[in-house]
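First the structure, in the form of C-alpha cells, and then the observations on it.
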Amino acid sequence: MDFIEHEKRLLRPENFFQPSPGKGIGIFKTKNNKSIAVINLMGNVFMKKSEDVFKTAEKFLQIYELKKNIDFIVVDIHGEITSEKMAMAYMFDGKATVVVGTHTHVPTSDCRIMEKGTAYQTDLGMCGDYNSVIGMDRDNSLKKFLKDQSAKKHFPASGGEATISGILVTADDKTGLASKVQQIILGGSLQERK
Ligand SMILES: [Fe+2]
C-alpha cells in the first residue's frame, strides 16, 4: 500500500527528459486484485520541451499488453492541441482501456468508444469554477492579456460554484477494453447551461 501511495505522488509525464524526479508510469491494484497501468504523456506541440511523445508511447506498448501482462491501461495525454491527442488515441485504440486528454481545462464533446474498443475524450476539462479563465481569476487574467501593469501572478477564481468534469468508464474484465463511457459535467455554471 505504501508503495502504491508513493507512486501516485510522483506520477509525471513519462517523456520528461532524464533525469527528472518521479515516474511516468504507475501500476496500481484494484480491490479485486486487477492491475491497472497508468501512463502520463506530455504533448510536444506548444508544450514544455520533452522527448518525442509518440516514440515514448510506442516503447510503452512494446512492454504492456492488455490481458497478457496487465488488466487495464489508462493513458493521460497532457497536451494543448486536439490533433496530437486524437492521433495518440488512434495509436492506442484496442490496446488501452481509456485514453483521455488533459491540460486545456475545457471539456470536449467527443466522448466515445473508438472502433477497436478504447474509450476516448480529447479533453476531460477541469474540476473547478468555470466562471473564470481556465480556473484563474478572470479580471486578473484579462489584465494580463491587456498588459495592464497592475496584473498579478495568476491566482484561482474564488466564490463561484465548482463544476466536476470528467468521464465514467466501464471496462470489460475479459478484454480490458471499454464497454461503456459517459461524460460527467456536474454542478456550477457549466451544468446550468442545459
Ligand atoms: Fe497543464
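At 1.4 Å probe size, put 76, 123 in order of accessible surface, largest to smallest.
76, 123
Of the accessible area of the chain, with the probe set at 1.4 angstrom, what percent is carbon plus sulfur?
In the chain, the share of accessible area belonging to carbon and sulfur is 56 percent.
What trypsin sites (Lys or Arg not before Pro) does segment 135-173 have in DSSP loop regions with at most 14 other beta carbons within 10 Å?
Those satisfying the criteria are 147, 152, 153.
Report, in debye and to the nearest 20, how large the dipole of segment 2-125 comes out about its Cα centre when Lys and Arg carry +1 and Asp and Glu carry -1 on their Cβ.
Taking the Cα centre of segment 2-125 as origin, the dipole is about 320 debye.
Out of the DSSP beta bridges found with both residues in segment 2-125, what percent are antiparallel (nearest 5)?
Beta bridges within segment 2-125, antiparallel portion: roughly 30 percent.
I'd like the FRET efficiency for residue 109 and residue 174, computed as 1/(1 + (r/R0)^6) with the beta carbon distance as r and R0 of 35 Å, rounded to 0.05.
0.70
Could you give the dipole magnitude of segment 101-163 about its Cα centre, charging the beta-carbon of Lys and Arg +1 and that of Asp and Glu -1, in debye to the nearest 20?
For segment 101-163, the charge dipole is close to 300 debye.
Please work out the FRET efficiency for the pair residue 146 and residue 20, using the Cβ-Cβ distance as r and a Förster radius of 30 Å; give the result to the nearest 0.05.
That gives a FRET efficiency of 0.25.
With Cβ to Cβ distances under 15 Å as the rule, what net charge do the other residues near residue 83 carry (K, R +1; D, E -1)?
For residues surrounding residue 83, the net value is -3.
Let me understand the chain better: what is its radius of gyration from the alpha carbons, and its Dmax, in angstrom?
Rg and Dmax of the chain, Cα atoms, are 18.1, 59 Å.
Considering only the other residues whose Cβ falls under 9 Å of the Cβ of residue 173, what net charge follows from Lys and Arg at +1 and Asp and Glu at -1?
0
Whole Å is fine, so just give me how far the alpha carbon centre of segment 67-92 lies from that of segment 20-49.
Result: 11 Å between the Cα centres.
To test your reading of the geometry: what angle, between 0 and 90 degrees and rounded to tens, separates the Cα axis of helix 82-92 from the longest principal axis of the chain?
With rounding to tens, the tilt is 10 degrees.
For residue 30 and residue 47, compute 0.36 nm times the residue count separating them, minus their Cα-Cα distance, and round to one decimal in nm.
Value of the extension gain: 2.8 nm.
Please identify which residues in segment 96-121 have an amide N closer than 20 Å to a label point set 7 Å out from the Cα of residue 61, following the Cα→Cβ vector.
96-102, 112-121
Using the heavy atoms of the protein chains and a 1.4 angstrom probe, tell me the accessible area per residue for the chain in square angstrom.
59 Å²
Which value, in Å² and to the nearest 10, is the accessible area of residue 75 when all protein chains are kept and the probe is 1.4 Å?
Residue 75 has an accessible surface of roughly 0 Å² with all protein chains in place.
Over segment 1-104, what is the mean sequence separation of C-alpha contacts under 8 Å (at least six apart), divided by residue count, expressed as relative contact order in percent?
Relative contact order comes out at 23 percent.
Sum up the charges of everything whose Cβ sits under 9 Å from the Cβ of residue 157, counting Lys and Arg as +1 and Asp and Glu as -1, but leave residue 157 out.
Result for the neighbourhood of residue 157: -1.
Between their Cα atoms, which of 31/67; 95/174; 48/95 are more than 25 Å away from each other?
Beyond 25 Å: 48/95.
Say the dipole of segment 1-136 comes from +1 at the beta carbon of Lys and Arg and -1 at that of Asp and Glu; which of 60, 100, 27 then lies farthest toward its positive end?
27
The values are calculated or read from the model by the stated rules, or taken from the named source; none is laboratory data. All values derive from a computational prediction rather than experimental measurement. No Cβ is skipped: glycine too gets one built from the backbone with ideal geometry, and neighbour counts run over all protein chains shown. Heavy atoms of the whole protein, side chains included, go into the accessibility calculation; ligands, DNA and RNA do not. Shrake-Rupley method; radii C 1.70, N 1.55, O 1.52, S 1.80 Å.
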